[in-house]
1. Any idea how far apart VAL72 and LEU118 come out in nm if each label point goes 7 Å out from Cα toward Cβ?
2. For a Förster distance of 22 Å, can you work out the FRET efficiency between the beta-carbons of VAL31 and THR85, rounded to the nearest 0.05?
3. Need one number: nm distance between label points at ARG53 and PHE107, each 7 Å from Cα along Cα→Cβ, rounded to one decimal.
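Values in this text are rule-based calculations from the coordinates and carry no lab data. Predicted model only: the values in this text are computed from it and were never measured. Counting neighbours? That spans all protein chains shown, and the Cβs are built from the backbone with ideal geometry, glycine included.
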Amino acid sequence: MRRIIDGEDPDRLYTVTGGRSRAGEAGLDLVTLLVSESDPVPGMQSEHVRILRICHRPTSVVELSAELELPVSVVRILLTDLLDTGRVSARHPSSAGAAVHTPDSEFLKKVLVGLAKL
């Protein structure tokens, strides 16, 4: 008798990931945004095709996991495949323009002084 984890067949997950259990060094967290850089091509794994179609608009790792109904760990492995081939690009939502929106130290000192006066 097969054991089903969270409603998912472990044999299917093994097949989807090609037996891999780790995503490598991609550094994808739950809110990393992915965007398709190419369209699916014939012969691609069906999960890769779905990811490319979903990611025509910026989509987070956790959203992909929910949409694909796959564990986040499996989605990270699939995304690493697509990142390695340049089919998707990834960025953390806070990385865009972070330097522009960071307050300078002088402003932060003024805030501390104001809070101390309260």
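1. A separation of 3.2 nm, rounded to one decimal place.
2. Details: r = 23 Å, r/R0 = 1.04.
Efficiency computed from Cβ-Cβ geometry: 0.45.
3. Result: 4.4 nm between the two label points.
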